[in-house]
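The next block holds one structure in the form of structure tokens; read it before the comments.
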Amino acid sequence: MTSKIKSFGELKELQEKIKAARDSQQQRITICVGTGCLAHGAMSVADAFREELDRRGLSVKIDFRKTGCHGFCERGPMVILAPENIFYQHVGVSDVGDIIEKTLLKGEIIDNLLYANPQTGEKYVHEDEVPFYKRQTRTVFGMNSKVDPKKMEDYLAVDGYSALAKALKMKPGEIIREVVTANLRGRGGGGFPAGRKWEETSKAAGTPKYVICNADEGDPGAYMDRSLLEGNPHLVLEGMIIGAYAIGSNEGYVYVRNEYPLAVENINIAIKQAREAGLLGENILGSGFSFDLKVNRGGGAFVCGESSALFASLEGRAGEPRAKYVHATEKGLYDKPTNLNNVETWANVPFIINNGGDWYAGIGTDHSKGTKIFSLVGKINNTGLVEVPMGTKLREIVFDIGGGILNNRKFKAIQTGGPSGGCIPEAYLDMPVDYDELTKVGSMMGSGGMIVMDEGTCMVDLARYFTNFLANESCGKCVPCREGVQRMKEILVDITEGKGREGDIELLESLAASIKDGALCALGTSAPNPVLSTIRYFRDEYEAHIKEKRCPAGVCKSLITYSVDPKKCTGCTLCAKVCPVGAATGEKKQAHKIDPDKCTRCGACKESCQFDAIIVR
């Protein structure tokens with residue numbers, strides 16, 4: 001698409017033309033080529049479909065589309081067959097011929113490609129029947145599976161940029177009032193009301209004014225923003241253009257991690273297409289409003305997700321935060337009025353404009369509106385991206401959508417809010433998830449990461465892991481964060497290595513309070529959360545490590561020993577074969593033994609034993 005769209009009427013005409021040329025009943029193969037499915041080999045499967053359709057002369061009759069992430073990353077590569085929406089998972093190159101021959105040409109279902117409930121074994125044919133999808137409300141993320149992110153026509157075919165056309169006919173203040181009415185809170189972590197931020201930026205003195213999309217998603221295990229930018233970049237662009245018009249900005253930036261190459265590629269393609277179509281640049285849709293933006297690639301520093309550090313990085317300086325005596329809405333990038341929102345926040349805007357603020361405010365809880373995309377990972381059956389209304393219970397997310405805990409083990413805790421979030425125990429599984437409820441139990445929404453832990457997780461070791469991450473990612477500018485988090489890490493390392501001392505728990509609590517009081521930015525003040533929440537809910541585990549030199553979960557190597565239960569051991573010799581240091585020995589069909597002096601506690605014997613004969617104490 002290279003011709004410029006010069007008016008609202010031309011945009012509407014083009015949308016209708018594209019839709020009219022598409023037959024909703026045409027057979028179509030849609031394959032997810034999001035990053036997760038690509039890692040499973042989705043591109044080879046996509047190439048195989050192309051070749052097979054060409055070879056059979058079916059390329060015209062059967063539509064073929066590569067899309068962004070569908071969310072159910074555990075099951076990739078995934079294929080959807082329209083118009084029936086048949087859902088096939090774990091599709092390999094060898095399955096391609098059968099899918100075309102049996103399902104598309106003969107209407108037969110291929111049983112072994114269907115999703116089976118890990119708990120009941122029940123199989124599902126259609127995508128919307130699969131429990132992972134059935135219980136979600138995929139308002140924002142659902143469009144990912146309908147558009148090829150590299151084709152603007154696909155976005156226009158689902159009425160893309162209609163919200164922009166509607167917004168450009170409104171007065172800027174009217175747009176801001178809709179966002180205020182919607183009570184959209186920033187999805188990047190702080191949860192600050194987006195409408196208020198827009199209002200403050202619009203009223204701030206000084207020009208130019210900037211709008212920025214924060215795509216520097218750096219939480220371990222979180223990839224919501226990345227998948228949105230990879231899978232539906234025009235949706236994010238549309239939200240940004242609307243925001244710029246409302247605020248009075250003509251310049252913007254997308255700050256995205258360079259280590260997300262697909263996101264960088266797709267947003268650049270989308271910007272080029274939008275610019276060529278007249279949706280970016282001078283006199284957008286003949287409205288008289290002009291706006292353009294650039295992509296800035298970040299170097300992957302976690303702290304650059306913080307607004308003032310991001311501004312510093314954009315300005316070419318070291319990515320360090322600054323004290324926020326003056327809000328970014330007044331003095332942000334280059335000390336000019338700046339509105340920063342993350343990818344998911346911008347992606348919500350077109351839906352608010354199209355449906356109205358009241359519609360949006362009708363979803364969710366009293367103070368947390370709309371839906372939220374969560375990255376559900378860890379010891380769970382259905383790993384992936386989940387979008388649910390604010391207020392959905394943790395139990396529903398973990399068990400109904402997530403399919404429960406791997407290998408039928410017992411749920412222990414869920415960590416929300418990224419590395420600076422908190423760990424929530426089983427007692428709060430029926431808690432509705434929103435900004436305020438998560439804060440009450442010592443955690444936070446963050447950008448939406450959720451890491452599920454089972455009974456085999458050591459909570460002290462988990463706190464050590466996240467504190468180590470935060471110590472390594474501290475920019476070092478302020479003493480409380482630079483020295484305090486480092487000292488907390490050292491104490492946790494000592495505890496997990498059997499060197500913990502009486503008073504360490506209290507010392508950790510004291511350090512945490514000082515860091516919260518004195519750190520310069522939100523990343524520093526929230527850094528103690530993993531430690532404080534694990535002490536709050538799992539203090540007995542800390543005490544077992546310190547007083548009894550014991551790791552109840554059997555994880556901390558310095559505190560555990562491996563042995564063999566002679567009553568269960570069948571003498572299969574597998575543990576002896578996998579032991580890298582020869583610590584496991586024994587004769588065939590005789591109970592084996594493990595030499596504690598040689599054992600490195602790598603766990604290979606336990607993982608390989610099929611008779612549960614390895615004892616960890």
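The values are calculated or read from the model by the stated rules, or taken from the named source; none is laboratory data. As the structure is a prediction and not an experimental result, all values here were calculated from the model. Note that we place each Cβ from the backbone using ideal geometry, even for glycine, and neighbour counts take in every protein chain shown. For accessibility, only protein heavy atoms count, side chains too; no ligands or nucleic acids. Shrake-Rupley method; radii C 1.70, N 1.55, O 1.52, S 1.80 Å.
For a Förster distance of 30 Å, can you work out the FRET efficiency between the beta-carbons of A427 and T137, rounded to the nearest 0.05?
In this case the efficiency is close to 0.70.
Would you mind checking the tilt of helix 529-547 against the longest principal axis of the Cα atoms of the chain, expressed as 0 to 90 degrees and rounded to 10?
Its long axis makes an angle of about 10 degrees.
For M444, list long-range residues whose amide hydrogen, built 1.01 Å from N in the peptide plane, is under 5 Å from its own amide hydrogen.
T416, G422
Can you order the peptides 358-365, 67-74, 437-444 by their average number of other Cβ atoms within 10 Å per residue, highest first?
67-74, 437-444, 358-365
Taking only Cα atoms of the range 518-612, what ratio of Rg to Rh do you get with Rh as the Kirkwood inverse-distance radius?
Answer for the range 518-612: 1.20.
Report the rotationally averaged projected area of the range 424-467 based on its alpha-carbon convex hull, in square nanometres.
Averaged projected area of the range 424-467's Cα convex hull equals 3.6 nm².
Kindly write out, for the range 231-240 in residue order, the coupling ³J(HN,Hα) from the Karplus curve 6.51 cos²θ - 1.76 cosθ + 1.60 (θ = phi - 60°), rounded to whole Hz, with x marking Gly and Pro.
x, 8, x, 5, 5, 5, 4, 4, x, 5
Quick one: compute the contact order of the range 1-130, relative version, from alpha carbon pairs under 8 angstrom and 6+ residues apart, as a percent.
24
Roughly how many whole Å is it from the C-alpha centroid of the range 540-617 to that of the range 467-491?
Between the Cα centres of the range 540-617 and the range 467-491 lies a distance of 34 Å.
With both bridge residues required to lie in the range 203-293, what share of the DSSP beta bridges run antiparallel, to the nearest 5%?
10
If you take the beta carbon distance between F611 and V60 as r and set R0 to 51 Å, what does 1/(1 + (r/R0)^6) give as a FRET efficiency, to the nearest 0.05?
0.35
Would you mind working out the accessible area per residue for the range 261-398, using a 1.4 Å probe, and quoting it in Å²?
35
Give a quick list of GluC sites (Glu not before Pro) in the range 522-591 that DSSP marks as loop, anything other than H, G, I, E or B, with at most 10 other Cβ atoms within 10 Å.
Those that pass, being in a loop and sparsely packed, are E548, E587.
Could you give the size of the charge dipole of the chain about its Cα centre, using +1 on the Cβ of each K and R and -1 on the Cβ of each D and E, expressed in debye and rounded to the nearest 20?
Taking the Cα centre of the chain as origin, the dipole is about 460 debye.
What's the magnitude of the charge dipole for the range 498-617 around its Cα centre, counting Lys and Arg as +1 and Asp and Glu as -1 at the beta-carbon? Answer in Debye, nearest 20.
600
Please compute the per residue accessible area over the range 1-152 with all protein chains in place, 1.4 Å probe, rounded to a whole number of Å².
Result: 48 Å² of accessible area for each residue.
Keeping to pairs on different chains or 8 or more places apart, tell me how many lysine pairs in the range 139-282 have Cα atoms under 26 Å apart.
19
Once the piece of chain linking N258 and A21 is laid out straight, how much longer is it, given 0.36 nm per residue of separation minus the C-alpha distance between them?
81.6 nm
What percentage of the solvent-accessible surface of the range 144-282, computed with a 1.4 Å probe over protein heavy atoms, is contributed by carbon and sulfur atoms?
Of all accessible area on the range 144-282, carbon and sulfur atoms account for 49 percent.
Which of the trypsin sites (Lys or Arg not before Pro) found in the range 332-422 are in a DSSP loop and have at most 10 neighbouring Cβ atoms, other than their own, within 10 Å?
Passing sites in the range 332-422 are K410.
What does the charge dipole of the range 373-484 about its Cα centre add up to, to the nearest 20 debye, if the Cβ of each Lys and Arg holds +1 and the Cβ of each Asp and Glu holds -1?
Dipole of the range 373-484, to the nearest 20 debye: 300 debye.
Let me make sure I get this right: for the range 97-188, a, b and c are the square roots of the gyration tensor eigenvalues over alpha carbons, sorted descending. Under 1.5 in a/c it's rounded, otherwise prolate if a/b > b/c, else oblate. Which is it?
oblate
Give me, ordered by chain and number, the residues 5 or more places off R185 or on other chains with an amide H under 5 Å from its own placed amide H.
Here A194, K369 satisfy the definition.
Taking all protein chains as present, what is the carbon and sulfur share of the accessible area of the range 504-617, in % to the nearest whole number, probe 1.4 Å?
Result for the range 504-617: 50 percent of the exposed heavy-atom area is carbon or sulfur.
For K17, which aspartates and glutamates qualify as cross-link partners when the Cα separation must be under 15 Å and same-chain residues fewer than eight apart are set aside?
Partners within reach: E153, D154, D159.
Mind pulling the angle between the C-alpha long axis of helix 504-518 and the longest principal axis of the chain? Nearest 10 degrees, somewhere in 0 to 90.
Its long axis makes an angle of about 20 degrees.
Once fully extended, how much extra length lies between N354 and K4, figured as 0.36 nm per residue of separation less the alpha-carbon to alpha-carbon distance?
Difference between extended and current length: 123.7 nm.
Quick one: plug the Kirkwood hydrodynamic radius of the range 413-516 (C-alpha pairs) into Stokes-Einstein at 37 °C, 0.692 mPa s, and report D in µm²/s.
224
Give the percent of DSSP beta bridges with both residues in the chain that are antiparallel, rounded to the nearest 5.
Here the antiparallel bridges make up roughly 55 percent for the chain.
Keeping the other protein chains in place, figure out the carbon and sulfur percent of the accessible area of the range 383-447, with a 1.4 Å probe.
Whole-percent figure for carbon plus sulfur exposure: 49.
For the residue pair K589 and M170, what label-to-label distance in nm results when each label sits 7 Å from Cα along the Cα-to-beta-carbon direction?
Reported label-point gap for K589 and M170 is 8.0 nm.
On a full-extension model of 0.36 nm per residue, what is the gain between T439 and A116, subtracting their alpha-carbon distance, rounded to one decimal in nm?
112.7 nm
Between the range 22-78 and the range 294-362, what is the separation of their alpha carbon centroids in Å?
35
Before rounding to the nearest 500, sum -39500 (n - 2.57) across all DSSP H runs of length at least 4 in the chain and divide by the residue total; then give [θ] at 222 nm in deg cm²/dmol.
One gets -10000 deg cm²/dmol as the mean residue ellipticity at 222 nm.
In whole Hz, what ³J(HN,Hα) sequence does the range 478-489 give by Karplus (6.51, -1.76, 1.60; θ = phi - 60°), x for Gly and Pro?
After applying 6.51 cos²θ - 1.76 cosθ + 1.60, I find 10, 5, x, 6, 4, 8, x, 5, 4, 5, 4, 4 Hz.
Just the Cα atoms of the range 69-123: what Rg and Dmax do they give in Å?
Here Rg and the maximum Cα pair distance are 11.3, 33 Å.
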